[in-house]
Every structure is written in C-alpha cells, then in structure tokens.
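Below is one structure; the comments refer to it alone.
The values are calculated or read from the model by the stated rules, or taken from the named source; none is laboratory data. These numbers were taken from a predicted model, which means no experiment stands behind them. Don't worry about glycine lacking a Cβ; one is built from the backbone with ideal geometry, like all the others, and counts go over all protein chains shown.
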Amino acid sequence: MREKKFMRDTLAIKTSHVLPPDTNHHGTLFGGKLMAYIDDIASISAYRLARNPVVTASTDSVDFLEPIRGGDAVTLEAMVTWTGRSSMEVFVKVTSERLLTGEKAVAALSFLTFVALDENGKPAPVPQIVPETQEELWLNETALRRAEHRKTRKNESAELARFFARE
C-alpha cells in the first residue's frame, strides 16, 4: 500500500517585492520572471511530497489574469493536487498586493507536472495525495480531466516535433 500525504503538507508560499529591475517597459513584472517564480515554488511543493529529486515534466499554462506592477508584493502559493505513480500535478496561485492600499487580486494561475526521480535518475514512486478541504477536493477531482488534456497536448507536440525534424 502506498504512503499517503495530505495536500496541506505540500503547501509552499513565497512573497516577493516587485522592484524596478523585475519590470518591463510597461512597469509590470516580466512574464518570464513570474514563470521562473512559479516553477521554483512548484518544485518546492513537489519535493515536499516526494522527498526525492524532482523535474518539471510540463507546464500546462500560465494564465496571466491581472498585471503585477512595480512596487506590488507578489505571493505564490503552490500545492500538489494529484499524484500518479511517479508524477504529480502542482497548482500555483499567484496574487498581487498593492502595498500602499492593501488591495489584492488573483494575478495568475498555473498547473505544472513534476516527476520524482530515484538515485539513478529513473522515475520514483510518490505518496498518494489526500485532499481535505472543498477547494482541495475540487482540485483533486478535476485533475484527471486536466491530465487527459495534458496527454493530448503532449501527443500533438510530439507530432509537431516530428514534422519539424524533417526539415
């Protein structure tokens, strides 16, 4: 029987102050910088579940919903929402806070897939994730639909790669 871990035990939170070097010519956080933050916090969450090295297998999407401006605080919350044998889905919620007013907004959402590795670099089994709250249950129950979409997208990417390999 597989070990089990609660989703809450994989929670990772990071808050950063958005400074001028972090922003583009619009005065908002560089998208690539936010994507690096997302991958970083998601990997910490995945490590907390696997307690083994992990690698990013895919990023489903990064949906930028609201701009994150210079001077804002940006907070990322990551949690493992679903597990396969060696893979895990990690959800990341990004919020921005106008530090002068306290106004907060959900700025971005993302789902990533990580794979745990053993000492030989081969996929390693991970514990089964256990949701507790309504939000966690919803994320867990809808994960299979996202996994199917991921599988379809990966097959389409492989087909596209074969097409470009012929050039």
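Tell me, please, whether a residue that is exposed (fewer than 14 other Cβ atoms within 10 Å of the Cβ), free of Cβ contacts under 8 Å to residues at least 12 places away in the same chain and on the phi > 0 side of the Ramachandran plot can be found in segment 30-48. No, the conditions are met nowhere in segment 30-48. Of all residues in segment 49-85, those being surrounded by 24 or more Cβ atoms within 10 Å (Cβ to Cβ) and more than 30 Å from GLY121 (Cβ to Cβ) number 2. Within segment 31-73, being in a helix (DSSP H, G or I) and touching a helix residue (DSSP H, G or I) at 6+ places or on another chain (Cβ under 6 Å) holds for LYS33, SER45, ARG48, LEU49. Pairs linking a residue in segment 127-149 that is under 22 Å from MET1 (Cα atoms) to a residue that is surrounded by 15 or more Cβ atoms within 10 Å (Cβ to Cβ) and among the small types (Gly, Ala, Ser), with Cβ atoms under 8 Å and 6 or more positions apart or on different chains, are PRO127/ALA50.
Report whether or not ASP22 is touching a Leu at 6+ places or on another chain (Cβ under 7 Å), more than 14 Å from ALA108 (Cβ to Cβ), touching a residue at least 12 places away in the same chain (Cβ under 8 Å) and not aliphatic (A, V, I, L, M). In short, yes. When residues in segment 4-23 are screened for being touching a helix residue (DSSP H, G or I) at 6+ places or on another chain (Cβ under 8 Å) and in a loop (DSSP other than H, G, I, E, B), 1 of them pass.
Per this entry, GLY121 is not counted among residues that are modelled with pLDDT of 95 or more and closer than 20 Å to ILE13 by Cα.
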